[in-house]
1. How far is the Cα center of region 354-386 from the Cα center of region 235-255, in Å?
2. Residues of region 532-553 with the amide nitrogen closer than 13 Å to a label point 7 Å from the Cα of T413, along Cα-to-Cβ, please.
3. Let me know the charge dipole size of the chain about its Cα centre in debye, to the nearest 20, where only the beta-carbon of Lys, Arg (+1) and Asp, Glu (-1) is charged.
4. Using r as the Cβ-Cβ distance of D139 and D200, and R0 as 22 Å, what FRET efficiency do you calculate, to the nearest 0.05?
5. Give me the net charge for the shell around D542: Cβ to Cβ below 13 angstrom, other residues only, Lys and Arg +1, Asp and Glu -1.
6. Sorted by mean Cβ packing within 10 Å, highest first, what order do the peptides 153-159, 379-385 take?
7. Once you wrap a convex hull around the alpha carbon atoms of region 511-636, what is its projected area averaged over all directions, in nm²?
8. Using Cα positions and a limit of under 29 Å, work out the lysines in reach of K348, with same-chain residues fewer than 8 apart set aside.
Amino acid sequence: MTRRPLHTVLTGLLLCAAAGAHAQTGTQEGEWPTYGGDPGHTRYAPLDQIDAGNFADLEIAWRFSTSNMGPRPEYRFQSTPLMVGGVLYTTGGTRRAVTALDAESGEQLWLYSLNEGERGADAPRQLSGRGLAYWTDGDEERILYVSPGYRLIALNARTGRPIPSFAEDGILDLRETLDQDVDFETDRIGLHSPPTVANDVVIVGAAHSPFVPPELKTNVTGYIRGFDVVTGRLLWTFHTIPRRGEAGYETWLDGSAEEAGGNAGVWAAISADEELELVYLPVESPYSDMYGGLRQGDNLFGESIVAIDLNTGERRWHYQLVHHPLWDHDIPTAPVLVNAVKDGQTIKALAQPTKQGLLFVVNRETGEPIWSIEEVPVPNGDVPGERYSPTQPMPTVRYGHQGIGIDDLIDFTPRLRAEAERLVARHRIGPLYTPAVLNDPEGPISTLMVMGGSNWPGGTYDPETNIVYVTASVRVNSMTICEYPEGSAVPYGICLGPERGIFGGLPEIDVQGLPLLKPPYGTIAAIDLSQGEVLWEVPNGDTPDEIRNHPALRGVELGRTGRSGQPPGALATKTLLIVAEPGYGPTPDGRRGSMLRTYDKATGAELAALQLPAPQSGSPMTYLLNGVQYLVIAVSSPGYAGELIAFRTPAADVEPDGR
């Protein structure tokens, strides 16, 4: 990708600074009080003690294992901790316990754990979740989180004890205010993201089982609710699938909102603008994810950004990213509240990373696009009873990878390319939004779909340079729709069976064990919001050993391929962009481990790296305490139980007065 010269970046920076009336500031006073650093989810800290010169020499301040925070160790530890007033708060363990640590030493101060029995064991979203929320009125301090069994719990931040005056002894049963009839024997609802607190309102999302079996025609709907953070009283409910008489109901044809609705929750984090008193919901797909024959129409508010009034829950505007969703393109991460510059004017905006590698940038007061988003024609499908949307919104700002064509296939050698072409000849390939095929042994046997963008870790925004940074990873999925047996609640859906992948097609698509597509397999992109353009995009991570040492590639110059896997969470500071590479990989000392790297924010050049004992599994955060900057990261993997590692500025780089 062509890089724009640095002077262009600086021009945009100066323009933003001159016009910047609506700046997002990132964290303040050296703390990290919310999951995304601030309510706008910028994941930016204006700290500069850790820099390119000392990053590789950071010292370990403390380590904290979560192995004993539940009945068994957890190997998928996704927490981003909070730090307020010298205390670090985190979830951990297979029961989603909450603990407070001394942020300087790592000493455990208190632990809270709720044993929910079968309700917790049967929950659709288990383990320790992704984080917490913090609230204070200047005197009292509270930590709030959602348990696996879908209870909103308010704890005293100083003692870890439930708040007696909140709901029932500190615990609010979220099942009791779902505003719909629910059979909890079949309907599964929960949440792994933290709640959002804004202006004394706590907003709670909803998540479901990833795929629901064909005997269910509908599922519980993930309505979004706002509660009084002091008492737990329900303030409002927003219907993500509209009811009769509500805006958007007409996009569900033939009464299908009642007959075939469900899901459309918000399993990602939620952003808020406390000054505008708006909450921004990144809504997931409606049920079922990949077959919509029973829910014809555009299906609002599925896969839409919805701005609602913080105090009333009323819709103020919406923007649908995918019409009649069929690809499991849930909006996976919180909208990032940013400033965009257009025609010399600074605009309060939000930037929404997506699984598709499309960045939607809209005015966060009105929902109007900042730069052109065109409705482009997309391919049709052949599943009986399905009514495909003829167009989909396509923004000009793109990163990662979209769609599959012959030119995208592996081309390290002519033989590998030829084999890849023979393989894909049995499948349907095409641009983004090519729909799944109906199962046919004569072929095509599946549609090959790329998930080439972001996921739940999201992006980061530097308000000083007006640049958004996003990570992406390339994964090829095989999608096939099957006709279900007579008597099933739905006539079609993804093909089921042990030989099938999660999208109904083949479980693995590769060429002699190598990725089907040519690199990069993972990227980091910088997007200038003063111009609406990609400044640079570089591979994220070194070339995996299994590719570098593959016998078919002996003697082939590979370059740096980047790494596939979960797109990692990034962190921007005044001096650095910090991003881990997915999975285990080559390390300087040859020991099993993973790398945490830092990049030049203006050019994407790698500056320094730290070796981790296991891959990053939560997003990094940073804070300043007693004159020392800390960097905390959650690591885990199969065989390596969840652990927090806190790095600190080398003692030699810290002045006596903390500068």
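The values are calculated or read from the model by the stated rules, or taken from the named source; none is laboratory data. Model, not experiment: these values are computed from the prediction. Note: ideal-geometry Cβ built from the backbone for every residue, glycine included; neighbour counts use all protein chains shown. Accessible surface is based on the protein model in full, side chains and every heavy atom, while ligands, DNA and RNA are left aside. Shrake-Rupley method; radii C 1.70, N 1.55, O 1.52, S 1.80 Å.
1. Here the two parts' Cα centres lie 21 Å apart.
2. Once the point is set 7 Å along Cα→Cβ of T413, 549-553 turn out to lie under 13 Å by backbone N, inside region 532-553.
3. Working: 50 positive and 83 negative charges, 269 e Å.
So the magnitude is around 1300 debye.
4. So, using R0 = 22 Å, E works out to roughly 0.95.
5. 0
6. Packing order, densest peptide first, comes out as 153-159, 379-385.
7. Details: hull surface 38.5 nm².
So the Cα hull casts an average projection of 9.6 nm².
8. K574, K601
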